[in-house]
Each structure stands twice: as structure tokens, then as C-alpha cells.
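Since the structure comes first, as C-alpha cells, the remarks are kept for the end.
Bear in mind these aren't lab numbers, they're just calculated from the coordinates by the rules spelled out. Note that this is a predicted model, so its numbers are computed, not measured. Here Cβ is always computed from backbone atoms with ideal geometry, including for glycine, and neighbour counts include all displayed protein chains.
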Amino acid sequence: MSLDRLANCFETCRSENRAALIGYLTAGDPDPDVSAQLLQTLARHADIVEIGMPFSDPMADGPVIQAASERSLAAGTTMKDVFRLASQTRKQSPAAGIVLMGYANVAYAMGYDAFACQAALAGVDGVLLVDIPPEESTEVDAALAEHKLHSIRLVAPTSSEARRELAARSAGGFIYYVSLTGITGAKMGEMGEINRQITQLRKQSDLPICVGFGIKTPEQAAEVAAFADGVVVGSQFVSQISEHFSDHCAMIEAMDGVAGEMREAMLRRCK
Amino acid sequence: MINELSDVPESVYDFSIRHAPDAGGHFGRFGGKYVAETLMGPLAELEAAFFEAWEDEAFQHERMRLLHEYAGRATPLYHAERLSQENGGAQIWLKREDLTHTGAHKINNTIGQGLLARRMGRKRVIAETGAGQHGVATATVAAMFGMDCDVYMGREDVERQMPNVLRMRLLGANVIPVDSGTATLKDALNDALRDWVASCADTFYIIGTVAGPHPYPLMVRQFHVVIGQEARAQMLAQAGRLPDVAVACVGGGSNAMGLLHPLRDDPVRLVAVEAAGRGLDTEAHAASLAAGKPGILHGNLTYLLENEEGQIQGTHSISAGLDYPGVGPELSAMLEAGELELDAATDDEALDAFRKLTRVEGIIPALESSHALAAGLRIAAAMRPDQHVLVNLSGRGDKDMNTVFKALGWTEGAV
């Protein structure tokens, strides 16, 4: 086992002949306290936990994750809470991969170096800033590298051959393939096409390739798990919060149920 | 080719690109392309199409023909003598963008981007709008080109700019109220971007200001520089000299870049007037340059109004078109380079200027333009009568009747 926790996560999954489940929740949704319990619940089923940093203007997100950001900010969540939640998740799940995901401005406002330093102290393994393409990443990547954090890259159906090369060259941790041309939580792209794209990407990069955006059902997760190294599920988990908004126990129970089902389905469809 | 009755010969229009950003769209440390990977391909395609069109004589000819025959350019430069006299001090000159078709400068840009959309084979256009002027201008060219048109508009703006909502609907556009976030312009921009991420294969996103990811800030500026190019020639022809000061209001900054850019290499003071709302010492304003700090939003790095956590703040201005927490990246760069003077006008000052111009000159200005006028009057008052202040009257005020009546405490029956 190496010191690279994300690599270890994927290595473990590979040895168990399965794909990694990557679960997303927005930090502080519906409030920092309940969020801690939800992340703990999710970490029991997910190999990698993606912790969303709430932002006032989440441009790449659909209505479900937009609402999550709004609920979190309305509850007063700050970046200090985000790092505390990451740190708690790290303590409770020492082997889990932890990725911070969000928009550039919250990191820029802190200063990239302070941001990377805090993230590393909290036990985070990688960072995905959705609105920082490789062209704008020099400064933030240097700060992340300084603190031994992976800079995770997106590849989209609209990415040209040259852009895929660029992403493959500069990515760390894993490559996040966006399954659809659109925002989070939209209708998933055609499975055969996604499979072809992943096959193509493998020729360009040795990094694990995960697929996200639009995966809602255990069946979809299982199908993607058959050819990808990891499956990212976000909106489906986040929607448990709005569906059980008034009852925190039911919310945590539902999260446990949905995440468990997702993992089960992926196990049944081993590669 | 341009209106022979005006003093604007064709040679006034300069198609060179001065003060270009770097290849990545950076103006100094500002600008750039801060978008999700999915949009990088479509933006590269747009950039290539824009530069190719800009170099194409046929494209420029068609654009200038439409600006002339359809939008009514060149717009006049008006020497507001009575206003200058009553105000005291320098002579006030108004660049009459309010006289363009649809009633604001926004049409300059939508004609340009509309032509580009047609050239790229797009059948559908989308836009965000605050005051509704950009939405109307987009709906107008969509009707003219026979394209489908969806306009995103914050719920709050839909209510305060109802006349423009009705105009857009009459023009065949679909107005989509936006309820997310603060339900104003920034949120409309978010939703338009979300639409475009999913629809970029067949849809052209017509951004209405000099913000957004590269190439938008450059492209929108280039479509608006006709304002300053004309005004510069008209000042020389009518006043016999350049203005001492040029003044424009700034929300995103499209009319400001349009007027000020062609004057950048002249000995002219360039003044950007932001919306001070209820005062810069309150939180209810929209003065990103004066009170903000650099940050990343809507695809570019620029001055933003945000809290210490980097969360974008709600803004306030009596004029919906200035109610935006950011500003075009080139204006941020110009400010830091010392090329730009900052000024601000409160809601009340804008209303005073609105009433003054209406009563003294018989011109009803948009509330956005009233901000520029308020600052222009203040600046002129401190100058000599042989000096000249050029103010961009970016739009007309018909759309603001409800807001103004309410602010003045009038009821419609009492007029």
C-alpha cells in the first residue's frame, strides 16, 4: 500500500474485482450537524466521499445540488465547517478517499495556498474545482501539489482529442468523465457511447477513470461499474435530504438505504 | 454607407482590434476562461468563428448595414445646452444610444452575435437579461433572423420590468423567470449558462455584457465600439475638439466599454459610474469596482461583490440593468492600470438626474443611463464652460415608468 490513499482505494476495488462507489454530498446540507451524520453514513458505503463546498452560484449544477448549496449556506455553513466535516469523515473512515469538490471562488477567496493547506490538514486527498480548466490551473495546481493533494480533472463529451490529452497529462488521482453534455442530475448519456469514450480515454491515461453526472439508479450504477473504475453518484443522494427534510432520522436512514443499494448493485455486477 | 445626414463618414469605423487580451482571453490578471470542461470546446469553436467573421469583409459589411438600416446608426450626439446652462460649468454632450431601435445600445451587440449565430448555423439563441433591454434586443434579432429565442430573467426583474417582458413575448421569445439565488441578473446568467452547457450543439448563447468567459468580453466590446468611434468623430465635428471627460454607467460594462474604449488612447478622462444604491456605506449597492475584490464568477476573474467566504453577495440598485455583483474583466484591468476613474451615483441621485433631463431637455433616460448623467452633471459643475463632458445616454426610460412612479410616490392617476 502506498501513501496515496486514492490510489489505494482503486487498488482495493480492483483486487475485489469491482468499481469504486464515489458518493457526493454538499457539506453543511441541511445543516453542519446533520451533515456530519450524513457523511458518516455515506462513508460506510462509498469508497470515496466527495464533499461539496457550498457556493452561491453553482453554475454546473442542476436544481437538486443548487438547492443543497442554498440550504447549506442558509444554515450558515462556512469553509471552516467544510474542513471540520472533512476532518471528521477522515477520523471515522481512515481508509476512505476524500475529495473536495466545488467552485473556484471559495478557494480563490481564501488564497489557494491557505485553501490547500487547510484541506491537507483535514485529511483530504484530492480537489476538483469545476470551473478551473487546465488552462487556468497553474496557480491552484502548484498550491495543491505543494500540499500533496491531487488535482482531479474533468473530461466531457465535448472535449477534443487535444483536450483529453491535456487532461490526461495534468490530472491526478483519477479522471472524472462527465457522462452527459449538461449539468449535474440531468438525464444520463447513452451507455454504449460512454463505454466507447472510456475505452478511448484508457489509451490516453493510466489513471483510474470514473463516470459521473446523471447516474441515479442502482441499475445505471451497475451498468457503468462494468466498464469504469468508479461511479459517481450525487444528485440521487442529495435528493434524500429534501425528501426527508423534516425528519433527520428518516433522512439518515434513507441515505443509508440508497447508498447501500447502490453498492450492492455494483457488487452484483462485478467486472 | 452610414447615414449621410449625420456627420459620421464610413471611415470613422475602425475594424482593428486595439488592446486585445492575450490568447487565453486575459486582460492583465483578469478575464480568462473559468468554466467547466464541457464548455471549453464550444467556447473554442465560438472564438474561432468570431475571429474568422471579424476578418471577413462580407460579415462586417452586413453588420454595418444592419446597424445602419435596422438599428438606426449612427446615433446623434446632442449638445444639451439648456441642461449645461442650468447645471453650470462644462458643456454636456449626450451620445444618444436611446435613439437606437429597441431603445438602448444593446442592439449593437445582438446584431453582431445574431449574425455570428446565423453564420455558425445555429437555429436557437438564448440570453440572460436584467433590465430586459438585452432580452428585447435579442428577441428582436431572433425575430428578424427567424430563430427560436429563450430569455432567462430573474423573477424580481420580471416584476419590475414588465413592459420589456411583454415586448419580448410579442416578439416571439419565451421569457423564463429565474427563482434560484437572488432571482436577479446573476442568477439569470447562471441559468442561461446551464442551458447552454446542455444545448451548445444547436444553440448560440448571446451574452449581453462584456463579462463571461473569453471570447465574450472581447467580442461584446468589439460589437459596441461603434458608440465611441462615432462619438469621437462627432465631438470633433460638432464641438471642434475631443471631450475632456467621457462618462458611462457600469453594470457589466458594455455601454462603458463601447464609449470609452475608442477614447483610451486620447487625452480624455474616462469615468465609470457604478450604482451606489442606498449608499456605498450601506450593503445595498452594486459597486463591484469601488467596494469589491477580485474573484471568479461567470467564467472570468474580475472584481466581485462577495463576502469574506467568497460567496457572491446580493446587490441593490433602482436600475435592474446595474444590479449585478460583477463587472467586465477589462474594466477591472483598466481600473488597476489607472486608466479609469471611478464614480458612483445613488438611487436618489439617479432619480434626480432622470427628472432633470426629462424636464429640461425633454429626454426620458433609462435609470441606468441616469446614473451616468448624475455623475456627469456633478463633474461638469466643477469645470469651466469652455470644457466638455460626454455622457453615454445608453437607453431610454420608457421601461422604467413603474419604478419611477413608485419612487416618486406618484400614482398613475395623479400624473
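What is the sum of charges around B:PRO213, taking Lys and Arg as +1, Asp and Glu as -1, for the other residues whose C-beta is under 11 Å from the C-beta of B:PRO213?
Overall, the nearby charge balance is -3.
Report the extension gain between A:SER242 and A:THR12 in nm, rounded to one decimal, defined as 0.36 nm multiplied by the number of residues separating them, less their alpha carbon distance. Don't skip to the end; give the middle numbers.
Numbers: separation 230, 0.36 × 230 = 82.80 nm, distance 3.31 nm.
This chain segment gains 79.5 nm when fully extended.
Report, for region B:258-407, the % of DSSP beta bridges that are antiparallel, rounded to 5. Please report the intermediate quantities before stating the final value.
On the way: 7 of 13 bridges.
Restricted to region B:258-407, the bridges split so that about 55 percent are antiparallel.
Among all the lysines, which ones have a C-alpha under 28 Å from A:LYS187's C-alpha, if same-chain residues fewer than 8 places away are not counted?
A:LYS203, A:LYS216, A:LYS271, B:LYS33, B:LYS123, B:LYS186
When the helices in chain B are scored as -39500 (n - 2.57) per DSSP H run of 4 or longer and the sum is shared across all residues, what 222 nm value do you end up with, to the nearest 500 deg cm²/dmol?
Computed mean residue ellipticity for chain B: -12500 deg cm²/dmol.
Could you compute the FRET efficiency for B:GLU55 and B:GLU159, with r as their C-beta to C-beta distance and R0 at 35 Å, rounded to 0.05? Walk me through the intermediate numbers first.
On the way: r = 44 Å, r/R0 = 1.25.
It comes out at approximately 0.20.
Please state the relative contact order of region B:210-276 as a whole percent: Cα pairs under 8 Å, 6+ residues apart?
Here the relative contact order equals 36 percent.
So if R0 is 60 Å, what FRET efficiency would A:SER170 and B:ALA381 give, r being the distance between their Cβ atoms, rounded to the nearest 0.05?
0.60
Cβ under 13 Å from A:ASP256's Cβ, A:ASP256 left aside: what net charge do those residues give with Lys, Arg +1 and Asp, Glu -1?
-1
Among residues other than A:THR26 whose Cβ falls under 10 Å from its Cβ, what is the net charge (Lys/Arg +1, Asp/Glu -1)?
Cβ neighbours under 10 Å give a net charge of -3.
Let me know the longest stretch in chain A that avoids all GluC sites (Glu not before Pro) found in a DSSP loop with at most 14 other C-beta atoms within 10 Å.
Segment A:17-189 is the longest.
I need the calculated FRET efficiency for the pair B:ASP179 and B:ALA48, taking r as the beta carbon distance and R₀ as 25 Å, to the nearest 0.05.
Efficiency, from the Cβ-Cβ distance: 0.10.
Within a 10 angstrom radius of the beta carbon, how do B:MET401, B:MET147, A:MET59 rank from fewest other beta carbons to most?
Least to most surrounded, the residues fall as B:MET401, B:MET147, A:MET59.
Does the protein assembly as shown come out rounded, prolate or oblate, given a ≥ b ≥ c as the square roots of the eigenvalues of its C-alpha gyration tensor, rounded meaning a/c under 1.5 and, failing that, prolate meaning a/b above b/c?
Judged from the Cα gyration tensor, the protein assembly as shown comes out prolate (a/c at least 1.5, a/b above b/c).
Loop sites only, by DSSP: take the trypsin sites (Lys or Arg not before Pro) in chain B that have at most 16 other C-beta atoms within 10 Å and name the longest stretch containing none of them.
Longest gap between qualifying sites, sites excluded: B:279-415.
Starting from the Cα of A:GLU190, step 7 Å along the direction of its Cβ; do the same at B:ARG65; then give the gap between the two resulting points in nm.
That separation, rounded to one decimal, is 4.1 nm.
For chain A, what is the relative contact order in percent, using Cα pairs closer than 8 Å and at least 6 residues apart in sequence?
22
Among rounded, prolate and oblate, which fits region B:320-415 when a ≥ b ≥ c are the square roots of the eigenvalues of its C-alpha gyration tensor, a/c under 1.5 means rounded, and a/b larger than b/c means prolate?
Oblate, since a/c reaches 1.5 and b/c is not below a/b.
Non-local amide H neighbours of B:GLU306 (under 5 Å, H modeled in plane, Pro and chain starts lacking H): which ones?
Under 5 Å from the amide H of B:GLU306: B:LYS293, B:GLN313.
Other chains' Cβ within 10 Å of B:27-34 residues: what's the mean?
Taking all residues of B:27-34 together, the mean is 3.
I'd like the mean, over residues of A:47-60, of how many other protein chain beta carbons sit within 10 Å of each residue's own Cβ.
Across A:47-60, the average partner-chain Cβ count within 10 Å equals 5.
Under 24 Å from the Cα of B:LYS406, which lysines turn up, not counting those fewer than eight places away in the same chain?
In chain and number order, the partners are B:LYS356.
Which longest uninterrupted range of chain B lacks any GluC sites (Glu not before Pro) assigned by DSSP to a loop state (not H, G, I, E or B) and surrounded by at most 12 other Cβ atoms within 10 Å?
Maximal segment without exposed cleavage sites: B:56-307.
In straight Cα distance, which lysines are under 17 Å from A:LYS148, not counting same-chain residues fewer than 8 positions off?
A:LYS148 reaches no qualifying lysines.
Taking Cα pairs under 8 Å and at least six residues apart, what relative contact order does region B:202-328 come out at, in percent?
Relative contact order comes out at 24 percent.
Could you put B:CYS149, A:CYS249 in order, starting from the residue whose Cβ has the fewest other Cβ atoms within 10 Å?
Values: B:CYS149 24, A:CYS249 9.
The fewest-first ordering by Cβ neighbours comes to A:CYS249, B:CYS149.
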